[in-house]
Amino acid sequence: MNFLPRISLMQFFVLCFISSFGVSMSTLPRSVAESAKEDMWLAVVVGGVAFLFTVWAITKLSGYFPQQTCFEYHRILLGSVLGEVANVLLVLLLITVPIISIRSFIVALKIYLLDLTPLSIIAITVLSFITYAGQYGLLPIIRTLQFVFMSSHLALLLIILLGFLAIKPSHYFPFMAQGFMPVLKGAIPSWYSYTGPEFIISCLYPFITRKEKVFKSGVVAVIVLMVVYTLIIGIVQGILGAEESAHMLIPTVIAYRSVEIPDTFIERLDGYFFSLWIPVFAVCMLIWVYLVAFGMKQICRLEYSRPVVVLLGPIILYFINVVPSVQIGSIISEWTNYAFIVWDIGVLPLLIVLAWWKEKRKNIC
Amino acid sequence: MNNDNNNDNLSAGKNLAAQVKSLKSLIHHARVIEDEVEVVARSLQEKYVFPEAYQLETSLKKNLKTMKDILSDSYDFHFREFLIVAVNRQAAVVFIEGMSNQELINMQIIDKLMLPPIPGREFSPQDEMFSYIKDTMLSVASISKVDVLSEAVKRLLAGDTLLFVDSIAWLIVVESRKMEARAISEPATEINIRGARDGFVESLQTNITLLRRRIKNPNLITKKVTLGVRSETDIAIVYFRGIVDGKLVHAVEQRLEKIKIDLPNGVGVIQGMMEDHPYSPFPTMLATERPDKVVAGLMEGKVAVMMDGAPFSLLAPATLSDFFQTSDDYNEKWVVSSLIRFARYISALLALATPAVFVAITTFTPGMLPMPLAINIANARLGIPFPAFLEALVMIILLEILQEAGIRLPKTIGPAVSIVGGLVVGEATVRAGLVSAPMVIVIAFTAIASFNIANYRLNLIVRLLRVPLMLMGATLGMFGVMLGYLLLVAHFSMIESFGVPYLEPMIQKSARQLSDVKDTFVVAPPSAMDERPAYLKPEDSQRQKE
């Protein structure tokens with residue numbers, strides 16, 4: 001018997017937080033520093049506040065179809081052909097996240113931790129975990145996320161906070177020297193770092209137990225993310241400065257490599273930072289791969305997502321190896337970011353209008 | 001001429017020798033054939049007997065012959081024929097020596113049945129035989145009338161005595177079980193300081209008594225089932241009515257029913273066949289030899305499965321946190337117990353991961369260590385012929401050998417072996433330059449940490465998983481160790497015990513269930529533990545009444 005999983009609000013919060021956190025944590029300071037300079041931390045806050053609109057929009061849209069996933073209501077709103085096209089586009093958009101993120105992660109690992117290990121080996125091990133953990137369905141995945149959230153995320157947060165010991169206050173100035181425009185420009189690349197909750201809501205809304213509280217929980221998750229990202233950006237800015245952050249490949253890692261706490265057992269933070277980042281990143285990818293598998297399952301109208309998860313491993317591995325260099329990976333990442341913005345502030349409002357119109361017509365009839 | 005005679009004699013001798021040889025060979029073959037014929041004849045005689053194929057007859061002689069056929073020539077099978085004077089009928093008692101109370105058979109059955117009738121209460125044809133014998137002759141507490149032979153055989157093999165009476169097609173079963181049993185003693189694998197000292201023994205009845213002594217309530221239900229197609233072993237399902245979730249009892253019963261094996265040779269076999277994930281190294285039923293632990297489980301809403309002949313009882317469902325709890329936790333002040341409980345979790349983690357982390361850090365990321373420590377370790381490893389992984393592996397194998405030797409040896413020698421192994425061999429290997437001193441410290445620390453794991457079975461699993469985790473640390477450094485940790489967490493998340501996730505109540509579904517954490521990582525004060533664990537879905541969730 002195929003039981004419908006039930007997700008509590010606490011689990012929903014963890015899902016939202018983990019789906020965002022861990023992917024772009026390492027590269028976010030670079031992308032915002034390029035535009036916002038010394039106001040980079042403010043750009044992340046602005047990006048987070050703007051992202052709340054997306055959370056509202058997707059909750060509103062899902063509210064029209066409380067028992068259907070986005071893959072089902074796309075067909076209702078856009079018709080079977082267009083709806084299916086939208087579904088395929090969405091799945092393609094979702095799958096780029098694990099491909100790009102795993103690619104950047106394994107490159108970072110190779111540079112800083114496993115310099116002699118081939119990239120494919122690191123990718124295969126990460127994907128092996130994802131395949132193993134992802135094939136048993138949503139509830140085991142959520143339990144894994146909850147356990148890792150309790151252990152690794154909180155420990156990583158402690159390590160992140162230790163970075164305050166190495167900051168230089170002068171790196172935060174001048175404040176708003178070029179006005180608000182650079183902050184707004186910086187908020188655009190920070191959008192990608194918040195991406196996650198909207199897809200959790202759109203795909204898993206029917207399984208959430210207390211639907212009336214979804215928006216509230218989503219907002220809390222985004223605010224917590226905003227605080228954590230602001231902390232990270234603030235610390236990286238404080239350690240490296242805006243100028244240096246903008247030119248580093250993975251500024252967060254570089255920043256934590258330079259933190260030293262002499263005469264304590266933890267003299268250097270980078271090893272601990274990396275060790276804790278590994279589970280945080282892996283579970284983040286786990287949920288993204290599951291969302292892709294979930295989407296493919298819905299498109300192909302399969303009963304279980306297990307075969308899809310198993311199939312996705314080699315596919316993702318293939319595309320990870322296709323990306324020829326870090327620079328091209330960065331460009332793809334940038335375009336994916338724009339695609340997400342288009343989906344979030346372009347497609348979603350359009351779908352809301354369509355849903356509202358259909359609802360209105362139904363009421364008139 | 002002489003030569004010819006000599007030649008003749010020589011050839012005659014050779015002929016004779018050849019004939020003797022062939023005769024010997026013939027005799028040998030004849031003996032082989034005789035043995036084989038005997039085996040065939042015996043196998044024809046000793047065919048597997050199905051008692052259900054036999055029926056009770058009215059003739060005593062025929063019934064006794066049937067019993068002989070069924071029980072073959074077993075030397076412990078006895079019967080004694082005599083005359084029931086009061087009813088003037090031939091009768092026989094049938095019992096198994098060593099399983100039945102022979103004093104009771106002599107004094108309360110045979111002796112009483114051979115007495116003349118009570119004056120004024122003689123047997124008349126209108127009397128019903130069973131009632132007459134029961135009411136006027138047998139002075140035993142529990143007797144019953146059985147008219148199915150297979151049922152009677154089952155009772156006989158359980159230690160009861162069968163009374164056959166001539167001319168009737170039923171028999172009387174007198175409860176006369178008396179089996180030698182080990183005295184109740186302190187559990188060997190779950191030693192406590194302030195907890196109760198009694199442990200389960202091999203007798204199912206005694207074990208149930210140990211539970212009943214603690215819960216004097218008619219709602220403590222014990223259901224008996226028989227398991228083992230050939231052994232007919234008694235199994236008891238125990239639960240507390242009004243607390244336990246009915247679905248759980250049903251699931252336990254169903255799973256037991258599905259087991260079709262010859263002989264459940266220990267509760268481990270039943271556990272292996274009942275568990276949700278038989279291929280997982282982690283147990284999803286808790287085996288315990290402590291009655292107080294079983295009683296606590298029953299009062300939370302769990303179901304116990306007990307087996308005759310096994311000093312362990314199984315509790316279902318069991319989650320990971322159950323393996324970190326001991327009875328002593330509830331006999332100490334909650335602050336102290338909480339500290340000890342938390343230390344147990346940390347110990348399990350250290351016992352599992354310390355060698356792996358040490359190998360990973362020393363091989364890949366020595367920068368994670370403080371500089372002086374990293375230099376000390378590097379200095380100590382100078383001249384060691386093995387890489388860190390092999391060094392650790394050698395020490396772990398040595399540790400395993402010592403631990404196993406300590407268990408198998410007599411109690412008086414075991415500690416001596418541990419000391420010799422730990423101190424002498426450890427010191428000698430360091431001096432010989434086979435392993436470094438830091439590695440000895442790491443492995444010794446790992447061993448001590450593993451002793452702090454409350455459950456022996458979990459301890460074994462930690463020992464088992466230590467090596468693959470170390471291998472991951474040796475090949476991929478801290479990345480490998482963290483990946484091993486993730487795989488372990490994913491495995492925990494995947495497994496369930498009778499529908500309960502294995503990580504309950506560590507991982508809560510919602511904030512409303514947070515009260516279950518009161519007895520997980522820490523131990524809350526007794527007054528605060530007023531609710532039963534919600535994940536067990538108890539019928540009555542309140543543990544403390546107003």
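Scan the stretch B:505-518 for residues that are open to solvent by 20 Å² or more (accessible area, probe 1.4 Å) and more than 7 Å from chain A (Cβ to nearest Cβ) and jot them down.
Here is the first cut: in the stretch B:505-518, the ones open to solvent by 20 Å² or more (accessible area, probe 1.4 Å) are B:509-515, B:517-518.
Once the filter is applied, which keeps residues that are open to solvent by 20 Å² or more (accessible area, probe 1.4 Å) and more than 7 Å from chain A (Cβ to nearest Cβ), the stretch B:505-518 yields B:Arg512, B:Gln513, B:Leu514, B:Ser515, B:Val517, B:Lys518.
May I ask you to list the residues in the stretch A:208-228 that are in a helix (DSSP H, G or I), open to solvent by less than 60 Å² (accessible area, probe 1.4 Å) and within 14 Å of A:Met10 (Cβ to Cβ)? Let's see the steps before the verdict.
Step one: filter the stretch A:208-228 for residues in a helix (DSSP H, G or I), giving A:211-228.
Those still in the list that are open to solvent by less than 60 Å² (accessible area, probe 1.4 Å) too: A:211, A:214, A:217-219, A:221-222, A:224-226, A:228.
Within the stretch A:208-228, A:Val214, A:Ser217, A:Gly218, A:Ala221, A:Val224 meet the criteria.
Suppose the filter is under 30 Å from A:Ala166 (Cα atoms), outside any strand (DSSP E or B), in contact with a helix residue (DSSP H, G or I) (Cβ under 8 Å, 6 or more places away or on another chain) and within 14 Å of chain B (Cβ to nearest Cβ); does A:Ile278 pass it? Please lay out each step first, then the result.
Values: under 30 Å from A:Ala166 (Cα atoms): yes; outside any strand (DSSP E or B): yes; in contact with a helix residue (DSSP H, G or I) (Cβ under 8 Å, 6 or more places away or on another chain): yes; within 14 Å of chain B (Cβ to nearest Cβ): yes.
Taking the combined requirement at face value, the residue satisfies it.
So in the stretch A:138-166, with the set limited to residues that are touching a residue at least 24 places away in the same chain (Cβ under 8 Å) and over 20 Å from the mean Cα position of the chain (by Cα), which one is nearest to the other protein chains (Cβ to nearest Cβ)?
The selected residue is A:Ile159.
Check off (1) within 14 Å of another protein chain (Cβ to nearest Cβ); (2) under 19 Å from the mean Cα position of the chain (by Cα); (3) of a type in the set (D, E, K, R) for A:Arg210 and give me the number that stays unchecked.
Of (1) within 14 Å of another protein chain (Cβ to nearest Cβ); (2) under 19 Å from the mean Cα position of the chain (by Cα); (3) of a type in the set (D, E, K, R), only one is false for A:Arg210: (2).
So which residues in the stretch B:111-152 are among the aromatic types (Phe, Trp, Tyr), more than 30 Å from B:Thr226 (Cβ to Cβ) and not in a loop (DSSP other than H, G, I, E, B), if there are any at all? Break it down into steps so the answer makes sense when it comes.
Taking the stretch B:111-152 first, the residues among the aromatic types (Phe, Trp, Tyr) are B:123, B:130, B:132.
Those left that are additionally more than 30 Å from B:Thr226 (Cβ to Cβ): B:123, B:132.
Selection gives B:Tyr132 alone.
Please give the number of the condition B:Ala449 fails out of (1) among the small types (Gly, Ala, Ser); (2) out of contact with any helix residue (DSSP H, G or I) (no Cβ under 9 Å at 6 or more places or on another chain); (3) in contact (Cβ under 8 Å) with a residue 40 or more places away in the chain.
(2)
Could you tell me which numbered condition B:Ala474 fails, if it satisfies all but one of (1) touching a Pro at 6+ places or on another chain (Cβ under 8 Å); (2) outside any loop (DSSP other than H, G, I, E, B); (3) small (Gly, Ala, Ser); (4) away from chain A (no Cβ under 14 Å)?
Of (1) touching a Pro at 6+ places or on another chain (Cβ under 8 Å); (2) outside any loop (DSSP other than H, G, I, E, B); (3) small (Gly, Ala, Ser); (4) away from chain A (no Cβ under 14 Å), only one is false for B:Ala474: (4).
Hand me the list of helices (runs of 4 or more DSSP H) wholly inside the stretch A:1-84 holding 2 or more residues that are within 20 Å of A:Gly295 (Cα to Cα). Lay out the reasoning, then the answer.
Working: elements: A:9-20, A:28-36, A:40-64, A:70-78.
Per the criteria, A:9-20, A:40-64, A:70-78.
Conditions tested, residue by residue: (1) closer than 18 Å to B:Val165 by Cβ; (2) surrounded by fewer than 18 Cβ atoms within 10 Å (Cβ to Cβ).
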{"site": "B:Phe50", "(1), (2)": "no, yes"}
{"site": "B:Thr58", "(1), (2)": "yes, yes"}
{"site": "B:Tyr75", "(1), (2)": "no, yes"}
{"site": "B:Glu81", "(1), (2)": "yes, yes"}
{"site": "B:Ala92", "(1), (2)": "yes, no"}
{"site": "B:Asn101", "(1), (2)": "no, no"}
{"site": "B:Gln108", "(1), (2)": "yes, no"}
{"site": "B:Asp111", "(1), (2)": "yes, yes"}
{"site": "B:Ile118", "(1), (2)": "no, yes"}
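Residues checked against (1) within 14 Å of chain B (Cβ to nearest Cβ); (2) open to solvent by 10 Å² or more (accessible area, probe 1.4 Å):
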site: A:Ile233; (1), (2): no, no
site: A:Val236; (1), (2): no, no
site: A:Ile239; (1), (2): no, yes
site: A:His247; (1), (2): no, yes
site: A:Glu260; (1), (2): yes, yes
site: A:Thr264; (1), (2): yes, yes
site: A:Leu269; (1), (2): yes, no
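Which count do you get for residues in the stretch B:404-443 that are modelled with pLDDT of 90 or more, out of contact with any Gly (no Cβ under 7 Å at 6 or more places or on another chain) and either part of a helix (DSSP H, G or I) or not assigned by TED's automatic domain parsing to the domain that holds B:Ala392 (or both)?
Looking only at that region, the number is 6.
Checking the condition open to solvent by 10 Å² or more (accessible area, probe 1.4 Å), β-branched (Val, Ile, Thr) and away from chain B (no Cβ under 14 Å), which residue from A:Val292, A:Val326 passes?
It is A:Val326.
Does the stretch A:291-350 hold any residues that are part of a helix (DSSP H, G or I) and among the hydroxyl-bearing types (Ser, Thr, Tyr), and which are they? Give the derivation first.
Here is the first cut: in the stretch A:291-350, the ones part of a helix (DSSP H, G or I) are A:291-300, A:306-322, A:326-350.
The answer is A:Tyr318, A:Ser330, A:Ser333, A:Thr336, A:Tyr338.
Given the structure, is B:Pro410 more than 14 Å from every other protein chain (Cβ to nearest Cβ) and surrounded by fewer than 18 Cβ atoms within 10 Å (Cβ to Cβ)?
yes
Among B:Pro264, B:Pro291, B:Pro317, which is in contact with a strand residue (DSSP E or B) (Cβ under 6 Å, 6 or more places away or on another chain), open to solvent by less than 20 Å² (accessible area, probe 1.4 Å) and farther than 21 Å from B:Pro501 by Cα?
Within the list B:Pro264, B:Pro291, B:Pro317, the selection yields B:Pro264.
Sort out which residues of the stretch B:365-383 are closer than 19 Å to B:Val481 by Cα and more than 7 Å from every other protein chain (Cβ to nearest Cβ), and write them in order of number.
Let us first name the residues in the stretch B:365-383 that are closer than 19 Å to B:Val481 by Cα, namely B:365-369.
Listed by number, the residues that qualify are B:Pro366, B:Leu369.
Could you tell me whether any residue of the stretch B:336-344 is within 20 Å of B:Ile443 (Cα to Cα), in contact (Cβ under 8 Å) with a residue 12 or more places away in the chain and among the hydrophobic types (A, V, I, L, M, F, W, C)?
Let us first name the residues in the stretch B:336-344 that are within 20 Å of B:Ile443 (Cα to Cα), namely B:343-344.
When the remaining residues are screened for being in contact (Cβ under 8 Å) with a residue 12 or more places away in the chain, the result is B:343-344.
Add one more test, that the residue is among the hydrophobic types (A, V, I, L, M, F, W, C), and what stays is B:343.
Yes, that holds for at least one residue.
Which members of the stretch A:279-309 meet the condition of being among the β-branched types (Val, Ile, Thr), more than 13 Å from A:Ala133 (Cβ to Cβ) and in contact (Cβ under 8 Å) with a residue 40 or more places away in the chain?
Narrowing the stretch A:279-309 to residues among the β-branched types (Val, Ile, Thr): A:280, A:283, A:287, A:289, A:292, A:299, A:308-309.
Of the ones still in play, those that are also more than 13 Å from A:Ala133 (Cβ to Cβ) are A:280, A:292, A:299, A:308.
A:Val280, A:Val292, A:Ile299 - these are the residues of the stretch A:279-309 that are among the β-branched types (Val, Ile, Thr), more than 13 Å from A:Ala133 (Cβ to Cβ) and in contact (Cβ under 8 Å) with a residue 40 or more places away in the chain.
Do we have A:Glu303 as farther than 19 Å from A:Arg143 by Cα, more than 22 Å from the chain's Cα centre (by Cα), surrounded by 14 or more Cβ atoms within 10 Å (Cβ to Cβ) and charged (D, E, K, R) here? If you could, list the steps in order and put the result at the bottom.
Working: farther than 19 Å from A:Arg143 by Cα: yes; more than 22 Å from the chain's Cα centre (by Cα): yes; surrounded by 14 or more Cβ atoms within 10 Å (Cβ to Cβ): no; charged (D, E, K, R): yes.
It is false that A:Glu303 is farther than 19 Å from A:Arg143 by Cα, more than 22 Å from the chain's Cα centre (by Cα), surrounded by 14 or more Cβ atoms within 10 Å (Cβ to Cβ) and charged (D, E, K, R).
Search the stretch B:491-504 for residues being facing another protein chain (nearest Cβ under 7 Å) and in contact with a Pro (Cβ under 7 Å, 6 or more places away or on another chain), and hand back the single one that is most open to solvent (accessible area, probe 1.4 Å).
Only one residue tops the list, namely B:Met494.
Please verify whether B:Leu487 is at the interface with chain A (Cβ under 8 Å from one of its Cβ atoms), at pLDDT 95 or above and open to solvent by 50 Å² or more (accessible area, probe 1.4 Å), treating the condition exactly as stated. Outline the logic, then answer.
Values: at the interface with chain A (Cβ under 8 Å from one of its Cβ atoms): yes; at pLDDT 95 or above: yes; open to solvent by 50 Å² or more (accessible area, probe 1.4 Å): yes.
Yes; evaluated as a whole, the condition is true for this residue.
From the list B:Ala432, B:Ala437, which one is over 36 Å from the mean Cα position of the chain (by Cα), away from chain A (no Cβ under 14 Å), surrounded by fewer than 24 Cβ atoms within 10 Å (Cβ to Cβ) and free of Cβ contacts under 8 Å to residues at least 24 places away in the same chain? Break it down stepwise before answering.
Working: B:Ala437 fails: free of Cβ contacts under 8 Å to residues at least 24 places away in the same chain.
After ruling out the rest, the residue left standing is B:Ala432.
Might you check whether a residue that is within 14 Å of another protein chain (Cβ to nearest Cβ) and either free of Cβ contacts under 8 Å to residues at least 60 places away in the same chain or under 18 Å from A:Arg210 (Cα atoms) (or both) occurs anywhere in the stretch A:20-36? Outline the logic, then answer.
Within the stretch A:20-36, the subset within 14 Å of another protein chain (Cβ to nearest Cβ) is A:22.
Remaining after also requiring either free of Cβ contacts under 8 Å to residues at least 60 places away in the same chain or under 18 Å from A:Arg210 (Cα atoms) (or both): none.
No, every residue in the stretch A:20-36 fails to be within 14 Å of another protein chain (Cβ to nearest Cβ) and either free of Cβ contacts under 8 Å to residues at least 60 places away in the same chain or under 18 Å from A:Arg210 (Cα atoms) (or both).
Of everything in the stretch B:536-546 that's touching a helix residue (DSSP H, G or I) at 6+ places or on another chain (Cβ under 8 Å) and modelled with pLDDT under 90, which residue is farthest from B:Thr319 (Cα to Cα)?
B:Gln544
If A:Arg268 satisfies every condition in (1) more than 21 Å from A:Pro169 (Cβ to Cβ); (2) at pLDDT 90 or above but one, which is the exception?
Answer for A:Arg268: the failing condition is (2).
The values are calculated or read from the model by the stated rules, or taken from the named source; none is laboratory data. These figures come from a predicted structure and were not determined experimentally. Reconstructed Cβ throughout: ideal geometry from the backbone, glycine too, with neighbour counts over all protein chains shown. Heads up: the accessible areas ignore ligands, DNA and RNA and are worked out on the full protein's heavy atoms, side chains in. Shrake-Rupley method; radii C 1.70, N 1.55, O 1.52, S 1.80 Å.
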